[in-house]
Amino acid sequence: MGIQKDQIINLDAIVVGAGFSGLYMLYRFRKAGLNTQVFESADGVGGVWHKNRYPGARCDNESYQYNYTFSEELYKEWTWSSRYPEQSEILDYLNYVADKFDLRRDLQLNTKITAARYNEEDNRWKIETDAGTKYSAKYFITGVGCLSAANVPNFKGLDSFEGEWYHTSQWPKEKVDFTGKRVGVIGTGSTGVQAIPVIAKEAGHLTVFQRTAQYSVPARNYTYDYETIQKAKENFQETKRQMRESFVGSAHIEEPRPSAIEDTPEEQEKVYERAWEKGGASLLLETYADLLANDESNETASEFVRKKINQIVKDPETAKKLTPTYRIGTKRIVMDTNYFETYNRENVSLVDVKANPIVEITPKGIKTTNGEYELDMIVFATGYDAMTGSLFKIDIRGRNGISLQEKWENGEQTRTYLGVATAGFPNMFMITGPESPSVFSNVPVSIEQHVEWISDCIEYLREHDIEVVEAKVESEDEWSKHCREVGESLLFVKTDSWYTGANIPGKPRRFLIYLGGVGPYREKCSEIAANGYEGFSLLTSLKKA
Ligand code: NA7
């Protein structure tokens, strides 16, 4: 029998999103005996890895570390092809996980959760979907990702553009053919830097519209040989331990030297050159422990990369425009394959839209204060409304009908307890929510930690007949303050970026990533759990204490 109109389907838990977070949450909840349903707006599992199909998309964490570690069997069954696999391979992996653990039967695709409202009368979350079906669940969990709400800048005239346009995070499944076309790419973050060299090879002419010049380090990707794969599999337990205990969720490769300014310029050069030759996004930043805390040290690394750019790019004018001035690493460090080299191609030109901003999109192309560029296609590599954007796309309302957005943006600023819960929203948990290590870590490691913590918490509630779990206001005040203080002790807050919300016009500027380290954060969360979920109010009846 089908679902009747106005029928409400009752569940124990509802999870939003079928990426790394939602898939593992479902696995854990099933093990804990919770009747769970995962909802995903896309037509497949994979989260950002399902949607980010743009040319050149690949991971910038090493593959043998950018995966689940909860199952040794899974880890040993799956074999990555290379150091930095392409999007399609990561998507294959997540599909493999969904099949291996038979997750699809509790997973509803093509269904967007539009609203989630907490009902104080019965302590349940009422969930609405765009399919019109209504659900009720005791626990509501968001696994929506920190970088999934696309930022398409509100340029005047976009609707009038007669060519094709795409945002990289909503890339079509069919191949987009750039052959012989006049293509414009707006944005030179991680995404633009990956896409530009690939598009340039196909396009008739590529014009890059750059607002901020980027530091980028060569990826030096390579195919794994048999020995490397075997070694990674044999070292599973040790790699897992190191990832979980480390600062950024990556297995330890080399101990950083204490400070760049304690080394001579010749020593610094050697250290940076070695990292540059090894390649990869973070190795250069991991050379010295104080690069993200000390301006003077940071400048040595920044200058090293600036020099590299000027050596690679042949045209001095273009090289100058491509030379970044901010502190390296304070926007997310980028890695590339032939990014700067691409500007030596005849068919590529660079437009500085900081000097000459985009005024409008016209039927024929892009108009800046300096003139009009005729284009057949525009690619927006303009990033995301990060950290809170994907949560705000759902009308989430807690006690007294107050929405998350009202609580975090209109009233006080974003406040969470451990980045996993927020006062006024009982029985709701956020996987990699604001003020957790999230994007300043090897994200699957942080996801696993949250998922395990949340499912342990719910098992504890059930064992102790606790109906309501809710972050206390004073706990989140304290956590937010701590998070802010740690953030402000480092250089990130001095640069405009999506880390600080500065990429979205009108968004309150806040640093919503916990920078105290993945390992120490895990310890803190475990300690809170061991102390009977200290800082949360736990109620056995529905009345608020
Ligand atoms: P990012 O890193 O936010 O990059 C977006 C780029 O788009 C960046 O160069 C922006 O310039 C540019 N941008 C954004 N809005 C505009 C407007 N209005 N005009 C011109 N240029 C603009 O997003 P990505 O997708 O590259 O990467 C996001 C993360 O995903 C990445 O760090 C990985 O963790 C995965 P800006 O620098 O703001 O001046």
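Taking the range 1-53 only, how many residues are closer than 26 Å to GLN194 by Cα, in a loop (DSSP other than H, G, I, E, B) and in contact with a Leu (Cβ under 7 Å, 6 or more places away or on another chain)? Summing the residues that are closer than 26 Å to GLN194 by Cα, in a loop (DSSP other than H, G, I, E, B) and in contact with a Leu (Cβ under 7 Å, 6 or more places away or on another chain) in the range 1-53 gives 6.
Residues of the range 199-211 that are within 14 Å of the ligand (Cβ to nearest atom) and surrounded by fewer than 23 Cβ atoms within 10 Å (Cβ to Cβ): THR207, GLN210, ARG211.
Tell me, which residue of the range 123-145 that is among the aliphatic types (A, V, I, L, M) and more than 16 Å from the ligand (Cβ to nearest atom) is nearest to the chain's Cα centre (by Cα)?
Residues of the range 123-145 that are among the aliphatic types (A, V, I, L, M), as a first pass: 127, 131, 137, 141, 144.
Restricting the remaining residues to those that are more than 16 Å from the ligand (Cβ to nearest atom) gives 127, 131, 137, 141.
Working: ILE127: 25, ALA131: 27, ALA137: 27, ILE141: 17 Å.
This residue is ILE141.
Looking at SER160, SER190, SER148, just one residue is at pLDDT 95 or above, within 16 Å of the ligand (Cβ to nearest atom) and either out of contact with any strand residue (DSSP E or B) (no Cβ under 6 Å at 6 or more places or on another chain) or not assigned by TED's automatic domain parsing to the domain that holds ILE513 (or both), and that residue is SER190.
Anything in the range 166-187 that is within 14 Å of the ligand (Cβ to nearest atom) and farther than 16 Å from GLU86 by Cα? List them, or say none. Selection gives TYR166, HIS167, GLN170, GLY184, VAL185, ILE186, GLY187. Residues of the range 430-439 include at least one that is closer than 29 Å to GLY329 by Cα, in contact with a helix residue (DSSP H, G or I) (Cβ under 9 Å, 6 or more places away or on another chain) and surrounded by fewer than 23 Cβ atoms within 10 Å (Cβ to Cβ). Counting residues that are of a type in the set (Phe, Trp, Tyr), which strands (runs of 3 or more DSSP E) fully inside the range 341-404 reach at least 1? Qualifying strands (runs of 3 or more DSSP E): 371-374, 377-380.
Would you point out the residue of the range 462-490, among those that are buried (at least 20 other Cβ atoms within 10 Å of the Cβ) and assigned to a helix (DSSP H, G or I), that is farthest from the chain's Cα centre (by Cα)? Checked the range 462-490; the qualifying residue farthest from the chain's Cα centre (by Cα) is SER475. In the range 259-275, the condition of being assigned to a loop (DSSP other than H, G, I, E, B) and modelled with pLDDT under 95 is met by no residue.
Return the only residue of TYR215, TYR222, TYR226 being modelled with pLDDT of 95 or more, on the phi < 0 side of the Ramachandran plot, out of contact with any Ser or Thr (no Cβ under 9 Å at 6 or more places or on another chain) and outside the structural domain of VAL518 (by TED's automatic domain parsing).
Criteria check complete, one pass: TYR226.
If you check TRP453 against the conditions, is it assigned by TED's automatic domain parsing to the domain that holds TYR75, assigned to a helix (DSSP H, G or I) and within 25 Å of TYR27 (Cβ to Cβ)? Considered against the rule, which asks whether it is assigned by TED's automatic domain parsing to the domain that holds TYR75, assigned to a helix (DSSP H, G or I) and within 25 Å of TYR27 (Cβ to Cβ), TRP453 comes out as yes.
Residue by residue, here is whether (1) without any contact (Cβ under 8 Å) to a residue 60 or more places away in the chain; (2) closer than 22 Å to ASP12 by Cβ holds:
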site: ALA421; (1), (2): no, yes
site: PRO426; (1), (2): no, yes
site: SER441; (1), (2): no, no
site: GLU478; (1), (2): yes, no
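When each of ASN347, ASN370, ASN356, ASN400 is tested for being within 12 Å of the ligand (Cβ to nearest atom), over 27 Å from the mean Cα position of the chain (by Cα) and surrounded by fewer than 22 Cβ atoms within 10 Å (Cβ to Cβ), the lone residue that passes is ASN356.
The values are calculated or read from the model by the stated rules, or taken from the named source; none is laboratory data. Quick caveat, the model's predicted, so the values are computed rather than measured. In this analysis, Cβ positions are derived from the backbone assuming ideal geometry, glycine residues included, and neighbour counts consider all displayed protein chains.
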